[in-house]
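The values are calculated or read from the model by the stated rules, or taken from the named source; none is laboratory data. Remember, predicted model here, so these are calculated numbers, not experimental data. Here the Cβ positions follow ideal geometry from the backbone for every residue, glycine too, while neighbour counts run over all protein chains shown. These area figures cover heavy atoms from the full protein model, side chains too; ligands, DNA and RNA do not enter into them. Shrake-Rupley method; radii C 1.70, N 1.55, O 1.52, S 1.80 Å.
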Amino acid sequence: MPRTRIATAQPSATDVYALGRDPGESARLQRQSGELRPDSAALLDRVGLGPGQAAIDLGCGPRGILDLLAERVGPGGHVTGLDADPAHVAMARQFTAQRGLGSVQIVAADARRTGLPPASFDLVHARTLLVNVPEPTEVLAEMVRLARPGGWVASLEPDVEGALCYPPHPAYARMWELFRAAFGRNGADPLIGRRLAELYRQAGLHQIGIEARARVCQPGDSRRTIGPDLVRSLHPAIVSLGLADQDELDALDRAVRIHLGDPRTLVMPHLSFLAWGRKP
């Protein structure tokens with residue numbers, strides 16, 4: 001007899017998101033919108049988004065770049081924000097209402113299979129989304145599907161191998177060791193930034209551009225503590241995997257923040273890769 005293949009349900013988008021779901025992570029994402037705003041604006045400059053066009057921000061979280069996109073498309077344009085987390089959908093709707101962004105619509109859907117019509121957008125954008133999912137090619141294929149012929153796909157993604165602080169500190173090194181082990185538990189790749197051009201080529205995009213940015217964070221810059229902030233979001237995963245107990249995590253968090261709080265410590269949290277490509 002032929003074997004019967006049993007279909008297995010694909011894990012939900014919120015289940016595979018590497019950084020988990022909690023109020024602390026939502027607050028971090030809101031801070032990130034401001035922290036990465038200059039890089040996101042530069043990325044939009046590369047693709048020339050303009051008035052009257054349509055854009056979508058996949059995995060927009062509580063805010064994403066919805067306001068930046070609304071500014072660019074101006075009168076007559078339209079922006080869609082999409083996220084799978086109901087809490088983030090509600091927060092994004094509240095944000096757009098408070099800002100009076102009438103051209104922005106927020107929808108709840110999985111970025112891997114949005115259910116939206118194909119060839120609907122002049123720009124399909126994602127920021128720090130591909131890094132958080134185990135199969136980024138699935139999201140990228142959907143991004144290409146949603147783009148109009150001649151439209152653009154654009155991403156901003158990190159590569160954490162370049163993370164450094166100087167002088168070095170053993171707690172900082174241990175923190176990143178735990179981060180890599182826990183973050184990659186479902187197959188997410190914290191080094192995805194360097195892979196973007198290759199992934200874009202494999203997805204069939206043309207006129208691909210890549211820019212890498214290194215940021216040295218000055219004292220008082222909230223991005224200075226992105227490492228321990230990310231690890232805080234991963235505390236439940238780290239403990240459940242048996243990589244460290246909560247006492248060690250609390251001690252590491254204190255030690256790292258004290259070291260990063262010293263104005264003499266140089267901090268570069270990661271490289272950021274901006275990528276853009278055009279759909280034939």
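Does V239 satisfy the condition of being hydrophobic (A, V, I, L, M, F, W, C) and free of Cβ contacts under 8 Å to residues at least 12 places away in the same chain? Walk me through how you get there before you give the answer.
Working: hydrophobic (A, V, I, L, M, F, W, C): yes; free of Cβ contacts under 8 Å to residues at least 12 places away in the same chain: yes.
For V239, the condition - hydrophobic (A, V, I, L, M, F, W, C) and free of Cβ contacts under 8 Å to residues at least 12 places away in the same chain - is met.
Could you say which residue among D57, D85 is among the acidic types (D, E) and at pLDDT below 95?
The conditions single out D85.
How about region 149-177: which of its residues are under 12 Å from G277 (Cα atoms) and open to solvent by 20 Å² or more (accessible area, probe 1.4 Å)?
Those that are under 12 Å from G277 (Cα atoms) and open to solvent by 20 Å² or more (accessible area, probe 1.4 Å): P149, G150, W152.
Could you list all residues from region 222-236 that are of a type outside the set (V, I, T) and free of Cβ contacts under 8 Å to residues at least 60 places away in the same chain?
R224, P228, H235
Which of the residues spanning region 195-220 are closer than 27 Å to H259 by Cβ, touching a residue at least 24 places away in the same chain (Cβ under 8 Å) and either assigned to a helix (DSSP H, G or I) or open to solvent by 10 Å² or more (accessible area, probe 1.4 Å) (or both)?
Once the filter is applied, which keeps residues that are closer than 27 Å to H259 by Cβ, touching a residue at least 24 places away in the same chain (Cβ under 8 Å) and either assigned to a helix (DSSP H, G or I) or open to solvent by 10 Å² or more (accessible area, probe 1.4 Å) (or both), region 195-220 yields A212, R213, A214, R215, V216, P219.
If the requirement is being modelled with pLDDT of 95 or more and of a type in the set (A, V, I, L, M, F, W, C), which of these qualifies: L205, L234, L164, L230?
One residue alone meets the criteria, L205.
What tally of residues in region 133-162 results from selecting those that are of a type outside the set (S, T, Y) and under 21 Å from R215 (Cα atoms)?
Of the residues in that region, 8 qualify.
Filter region 256-280 down to residues that are hydrophobic (A, V, I, L, M, F, W, C) and out of contact with any strand residue (DSSP E or B) (no Cβ under 7 Å at 6 or more places or on another chain), then give me how many there are.
At the first step, the residues of region 256-280 found to be hydrophobic (A, V, I, L, M, F, W, C) are 256, 258, 260, 266-268, 271, 273-276.
Checking the rest, the ones that are also out of contact with any strand residue (DSSP E or B) (no Cβ under 7 Å at 6 or more places or on another chain) come to 256, 258.
The total comes to 2.
Out of contact with any helix residue (DSSP H, G or I) (no Cβ under 9 Å at 6 or more places or on another chain) and either loosely packed, with under 14 Cβ neighbours inside 10 Å or modelled with pLDDT under 95 (or both): is that true of G184 in this structure?
For G184, the condition - out of contact with any helix residue (DSSP H, G or I) (no Cβ under 9 Å at 6 or more places or on another chain) and either loosely packed, with under 14 Cβ neighbours inside 10 Å or modelled with pLDDT under 95 (or both) - is met.
Yes/no matrix, rows are residues, columns are (1) farther than 26 Å from A41 by Cα; (2) part of a helix (DSSP H, G or I); (3) open to solvent by 60 Å² or more (accessible area, probe 1.4 Å); (4) of a type in the set (G, A, S):
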residue	(1), (2), (3), (4)
L249	yes, yes, no, no
L260	yes, yes, no, no
P263	yes, no, yes, no
W276	no, no, no, no
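Which one is farthest from A203 (Cα to Cα), of the residues in region 73-116 that are open to solvent by 60 Å² or more (accessible area, probe 1.4 Å) and in contact (Cβ under 8 Å) with a residue 24 or more places away in the chain?
R99
What pairs can you find where one residue is in region 23-39 and closer than 18 Å to S272 by Cα and open to solvent by less than 80 Å² (accessible area, probe 1.4 Å), the other is among the β-branched types (V, I, T) and part of a helix (DSSP H, G or I), and their Cβ atoms are less than 6 Å apart, with a gap of 6+ or different chains?
none
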